[in-house]
1. Assuming 0.36 nm per residue, please report the length gained on full extension of the stretch ALA111 to ALA50 beyond their Cα-Cα distance.
2. Mind checking the full-extension length gain between VAL124 and LEU58? Use 0.36 nm per residue of separation minus the Cα-Cα distance, one decimal, nm.
3. How much space per residue, in cubic angstrom, does the convex hull of the C-alpha atoms of segment 40-94 take up?
Amino acid sequence: MSQQATARTQVRPVPRRASAPAPRRLRVVAPPVAAGSGVFLAACISLVVAGFVGVLLLNTAMAKGSFTMRDLQQRSDALADNQDDLRHALDAVSGPGPLAREARSLGMVPAESPAFLRLSDGKVVGVARKATKDETFSVVTESSSGARPSASSTPTSR
């Protein structure tokens, strides 16, 4: 059993308008002409140019600082070399050998029994005796083998 129905189209009544306006015709309209002044463009260009000038000045200042730092580093190196030379010269004349030679040339002799002054209470520690000239005393400053300088003296009692 099959059921089949026939489809019918239904017509709707169109309401009538009273005095319908006539359809309007479409037409192409030209785009509006930009009537802006060049102030905005000039401001943008001036900002870009000012940025470039600022970067150029910053780069120049950094390069100048780099050259100044290089010059100061070279001066610091030269002063450090000079300080090393002066330190070596001071070490050469203030070692035991040169000091003993200078003392001998001034007529000084080694003390046989030294005495010390304790500064905390002003007490003299030890007994000082007058030194006598001893020709056997010698200080070895350099050897032919290039060994480190050493001091040797006659045995003294303390």
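1. Numbers: separation 61, 0.36 × 61 = 21.96 nm, distance 8.22 nm.
Residue separation times 0.36 nm, minus the Cα-Cα distance, leaves 13.7 nm.
2. Numbers: separation 66, 0.36 × 66 = 23.76 nm, distance 7.02 nm.
16.7 nm is the gain from fully extending VAL124 to LEU58.
3. Working: hull volume 1.9 nm³, N = 55.
Spelled out: Cα convex hull of segment 40-94, divided by residues, is 34 Å³.
Every read-out reported here was derived from the displayed coordinates using simple, explicitly stated rules and does not represent laboratory data. Bear in mind that the values here come from a model prediction, so they are computed numbers and not experimental data.
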